[in-house]
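Visitor: Right, I'll just put the structure down here and ask away after.
Any read-out appearing in this document is the output of simple, stated calculations on the displayed coordinates, not a laboratory observation. These figures come from a predicted structure and were not determined experimentally. Virtual Cβ from ideal backbone geometry, glycine too; neighbours counted across all protein chains shown.
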Amino acid sequence: MTSTFHNEIKLGEVNYRLSATTDSDESMVLDLLGSLDSGEVIADGRLRLPVEGGVTIGKLLARVLSAHTRLRSRPSRHANANQPWTEALDTDLRAAWLTSPETGSPKLIRSLADAMERSPTAIRARLARVGCDPDVPGRELSATAAVLLGANSGGTQGKT
């Protein structure tokens, strides 16, 4: 016996319609259609799956789509995250670290991160690359520490 269930929802500008049809005792077909009010189709798909797996597959789809949506919609907190460091930025970071009156490393790192629109972790990592001791504001890395951390004593390292 064939049975069909329909459900519709509007999300933003898109009207979604999902139909589940069992065409036999063994399989089910899911049809999804997403369209704008103008009638333009922007989402369309069909899945055929075993009837007994419907609930489990539904839960799996919900988890995957929910995770994907969260990843896609999460804006970066830092405008310059994942942007390359330039020689000028390295010079500015080094100068700010070496001339700062701040005595607390974490506080200064947060301040520089805010000013440069990067994460505190990115600032701390970059400080070592430009030859600054990330634990002590105003201090350069020792020659030994610079070699160990791959810092360039001139204040800039390859852009990454």
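Visitor: Counting only complete DSSP H runs, which helices of the chain cover 27 Å or more along their long axis at the Cα atoms and score a mean Kyte-Doolittle of -0.5 or above?
Guide: 54-73
Visitor: To continue, here is another question. Here are some values of percent of Cα pairs over 25 Å apart: [x] 45; [y] 50; [z] 55. Which one was computed from this structure?
Guide: Recomputing percent of Cα pairs over 25 Å apart here picks out [z].
Visitor: In deg cm²/dmol, rounded to 500, what helix-only [θ] at 222 nm does the chain give when every DSSP H run of at least 4 residues adds -39500 (n - 2.57) and the total is split over its residues?
Guide: -12000 deg cm²/dmol
Visitor: Oh, and also: So between F5 and R77, what do we pick up on full extension, going 0.36 nm a residue minus the alpha carbon distance?
Guide: Once the chain is fully extended between F5 and R77, it gains 21.7 nm.
Visitor: Of all GluC sites (Glu not before Pro) in the stretch 5-78, which ones are in loop regions per DSSP and have a Cβ with at most 14 other Cβ atoms within 10 Å?
Guide: Those that pass, being in a loop and sparsely packed, are E13, E26, E40.
Visitor: State the extension gain, in nm to one decimal, for the chain segment bounded by T103 and T91, taking 0.36 nm per residue of separation less the distance between their alpha-carbons.
Guide: Net length gain for the segment: 2.3 nm.
Visitor: What distance in nm lies between label points placed 7 Å from Cα along the C-beta direction at L49 and A62?
Guide: About 1.2 nm, to one decimal.
Visitor: For the stretch 141-146, just list the computed ³J(HN,Hα) in residue order, Karplus coefficients 6.51, -1.76 and 1.60, θ = phi - 60°, integers in Hz, with x standing in for Gly and Pro.
Guide: 5, 5, 4, 5, 5, 4
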